[in-house]
Every structure is written in C-alpha cells, then in structure tokens.
Amino acid sequence: MKSGFKIMDSDMHLREPQDLWEEYMEPEWRDQAPKIVSSPARSSAMVLLDGKILKGYPPTYRGGIFNATRIDAEIAEARERGFDASSQLWAMDREGIDVAALYPSIGLGIMMREEINPRLAAAIARAYNNWLYDFCKRDPKRLKGVAMISLHDVAEARKEARRAVTELGFVGVFARPEPLRSLAWHSRYFDTLWAELEELGVPIGFHSAAASGELPQAGDRFGEDLLLRHICGHPMENMLAMVDVICGGVLERHPKLKVAFLECTSGWVSFWLHRMDKAIEKSRSASITKMRPSEYFRRQCWISTEAERELPMIVELLGDDNIVYSTDYPHGDSEFPHAIDEFLELKAVAPESKRKILWDNCARLYRLE
C-alpha cells in the first residue's frame with residue numbers, strides 16, 4: 001500500500017532461473033528441455049530449443065534495448081538473490097505493491113516457434129507452471145501465478161488452463177498476441193479454449209515482446225533494430241489482437257470471456273475503438289457482432305497503463321473501469337522503484353479513478369474480490 005492506495009500490479013515480471021526447464025520437465029521430456037544458455041541476469045538470454053537457438057536477440061547482441069544503468073543499480077539486490085521469490089516480495093514492498101500477477105520474461109517467447117512437437121510444447125508449459133507454483137508458495141496471498149499454455153494443440157491448452165486454475169490456484173493464462181500459423185484469434189479452432197476460460201472465470205492476458213520468438217510481428221521491417229521493433233510491437237500487436245477478438249466475434253460468442261491487453265500503453269485505445277465502431281457502422285458486410293466494438297470492450301476487456309501523460313484524456317473518453325496498472329518490473333524500461341510514485345503524481349487523474357486503476361479493476365479482472 002502506498003499513500004493510502006491498495007495496489008495490484010497487473011503484469012509484474014519474473015526472471016526465470018537458468019535451470020528451470022531442466023529441473024522441472026517431466027522425465028519423458030527432460031532430454032528435450034529448453035536450455036537457457038546465457039545468464040538470466042542479462043536481458044539477452046538465449047534459449048536453446050530442439051538444438052537451435054530460439055530467434056530473438058541476435059547471438060552477438062548483449063546490450064539490451066535500453067540504457068539500463070539506473071535500473072541495474074536498483075535491482076542489484078534482486079539479481080544477487082537470483083530473482084527468487086523473496087526478492088520479488090522485496091521489490092513489491094519497495095514499490096508499494098500489495099499483490100502481483102506474475103508474467104515471465106524468457107517465457108514470453110518460448111512458444112513462438114511453429115514447428116515444436118505439440119506434446120513437447122505442452123510439457124514445457126507444465127514445467128513452467130509447476131516452477132511458478134513453487135515460486136508463489138513463498139507468499140500465495142501476494143504472488144499470483146498466470147499460466148503458460150501451449151496453443152500448438154488447443155486441447156492441451158484447455159487441459160493446462162484448467163489444471164493451473166483448479167489445482168495450482170493461478171488467476172489467468174497468457175499468450176502472445178501474435179497467433180501461431182497466422183491463425184486468427186476468431187478462428188473456431190480456439191472456441192473450446194475461450195469456453196474453458198469462461199467457465200473458469202479467468203482472463204487471457206495478451207502480452208507481446210520485441211525480441212522473443214520467430215513468428216511474424218509488427219516491426220519486422222526493422223530487422224534486428226530492437227528499439228524500433230519494441231516501439232511498434234507492444235502496442236500494434238495488441239491493436240491487431242483487439243480487432244480480432246472484438247470485430248471477429250469472439251466476445252459475441254463468448255460473453256463471459258475476459259481479455260487483458262498488457263504492456264502496450266493505453267493512449268491509443270479510444271481512437272482504436274472509435275475506428276472500429278465507425279467501420280462496423282458503415283460496413284456493407286453483415287456484421288457478426290450485435291453491439292458496437294466499444295461496448296464489447298467495456299463489458300469484457302482491460303488495458304494496462306503506466307504513468308502515461310495521456311491517461312487523463314483516456315479516462316475522460318473511455319471511463320476508468322477497464323484500465324489496470326503495471327510497473328513492468330524488472331525490465332529495462334521500468335521506472336522501478338518510483339513507478340507508482342510517478343503514477344500518483346498524475347494530478348489530472350482523480351483519486352477515485354486512481355483507486356480503481358491501482359486495485360479495483362485488477363481485482364475484478366483476476367477475480368480477487
């Protein structure tokens with residue numbers, strides 16, 4: 001808690017230990033376990049999968065996207081502890097966070113290779129989730145797991161989502177907004193997963209990453225220029241996913257599905273919803289949606305923010321019920337340990353709106369009320 005506000009981070013990151021998959025993979029799959037072949041303390045950790053480096057950072061790249069001198073000093077204690085659960089709680093205490101929904105770092109890219117054996121991909125997800133369960137046991141009231149699922153086989157994704165929620169106590173699942181095999185999210189292939197998440201009452205959190213994985217992504221034209229890729233990838237891939245699930249009819253068919261668009265800033269969302277509304281309104285095609293896209297968003301979607309100067313405008317245009325907060329700890333562009341201070345300094349955002357964004361909306365998203 002800080003300045004009288006109870007705070008939940010909608011998207012706090014972990015640094016996975018170097019031996020995670022080697023330690024947690026089931027015996028049947030252990031010889032095929034992903035290997036982190038450079039230190040997880042580096043932002044440029046490489047993952048060896050099926051005998052090949054998972055593309056992302058070029059092998060010669062060791063600098064990270066951002067000048068991390070400041071945050072490297074701030075997280076030195078966490079790094080010394082190997083970014084273990086105690087260091088995660090230390091960081092939460094230092095920032096003023098009461099509860100955190102936990103997302104991976106390396107794990108954001110590990111499923112982004114199309115030709116993985118679907119059974120191996122499912123085993124990789126189970127191993128990560130079992131490790132995360134043990135990580136959260138340090139303080140399960142404050143550390144909330146968000147599950148990795150493999151979409152190489154949607155039946156396996158459904159099964160793991162159910163196990164993660166009902167047996168491990170996780171509060172959601174995550175996926176990259178860039179779909180495998182260029183398969184649109186509104187494809188009927190995913191309907192059984194959406195139905196499963198509706199029944200479980202947990203969200204899917206879409207979270208991109210500039211340098212992880214091998215699938216087509218906004219910013220590909222910039223090649224290995226990771227800064228330009230980062231600027232494009234996070235918001236633009238979520239913009240595409242939002243059009244897909246809303247205008248493609250996913251939220252019409254699955255009215256209880258909850259969708260979060262994370263680490264993509266929120267300044268664009270009002271314009272994007274307006275554009276969708278107008279396109280649907282003027283289209284000659286028979287729409288598969290019965291409501292305006294902005295109405296589906298208000299009913300079923302959340303978007304994360306940091307200390308954005310545009311936030312007062314977004315609150316005025318969109319309201320304050322669908323916005324959640326994130327620090328992006330411990331990544332290079334995080335303002336840790338002053339991220340929440342910067343948010344609280346937004347004088348044009350009313351205290352009641354801050355209260356919703358810092359706690360109420362996130363608690364509703366992850367079913368913590």
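Only the coordinates and a few stated rules stand behind these numbers; no lab work does. No experiment lies behind these values; they were computed from the predicted model shown. A quick note on method: Cβ atoms are made from the backbone with ideal geometry, for glycine too, and the neighbour counts reach across all protein chains shown.
Some points to look at:
- Interchain or long-range residues, amide H under 5 Å from V47's placed H: V37, L54
- Going by neighbour counts of Cβ atoms within 10 Å, the residues M12, M112 line up, fewest first, as M112, M12.
- For segment 76-106, trypsin sites (Lys or Arg not before Pro) meeting the loop criterion (DSSP other than H, G, I, E, B) and having at most 15 other Cβ atoms within 10 Å: R81.
- Pairwise centroid distance, computed over Cα atoms, of segment 208-272 with segment 125-159, Å: 22 Å
- Overall form of segment 256-297 per C-alpha gyration tensor (a/c, 1.5; a/b vs b/c): oblate
- Relative frequency of Cα-Cα separations exceeding 25 Å in segment 8-365, percent: 52 percent
- Helix-only arithmetic for the chain: the sum of -39500 (n - 2.57) across DSSP H runs with n ≥ 4, divided by the residue total, places the mean residue ellipticity at 222 nm at -11000 deg cm²/dmol.
- Remark on L14: its backbone amide H falls under 5 Å from those of Y103, S105, a criterion applied only to residues 5 or more positions apart or on other chains, H modelled at 1.01 Å from N.
- Loop trypsin sites (Lys or Arg not before Pro), segment 292-339, which have at most 11 other Cβ atoms in a 10 Å radius of their Cβ (DSSP): R309
- Considering only C362, Y103, T327, the residue lying farthest towards the positive end of the dipole of the chain is C362, judged by Cα position with unit charges set on Cβ.
- Dipole moment magnitude, nearest 20 debye, the chain about Cα centre, only Lys, Arg, Asp, Glu C-beta charged: 820 debye
- For K256, the lysines whose Cα falls under 28 Å of its own Cα, not counting residues fewer than eight places away in the same chain, are K6, K141, K144, K159, K278, K282, K290, K354, K356.
- Computed 3J(HN,Hα) for segment 270-279, one whole-Hz value per residue from the Karplus formula 6.51 cos²θ - 1.76 cosθ + 1.60 where θ = phi - 60°, is 5, 4, 5, 5, 4, 5, 5, 4, 5, 5, glycine and proline marked x.
- 3J(HN,Hα) from dihedral phi, segment 85-96, Karplus parametrisation 6.51/-1.76/1.60, rounded to Hz, x for glycine, proline: 5, 5, 5, 5, 5, 4, 5, 5, 5, 5, 7, x
- Where GluC sites (Glu not before Pro) fall in DSSP loop in segment 90-183, at most 10 other Cβ within 10 Å: E115, E167
- Dipole-positive endmost among A125, L20, V269 within segment 8-365 (Cβ charges, Cα centre): V269
- Around the amide H of G172, modelled in the peptide plane, lie the amide H atoms of A147, all under 5 Å away and 5 or more residues distant in sequence or on another chain.
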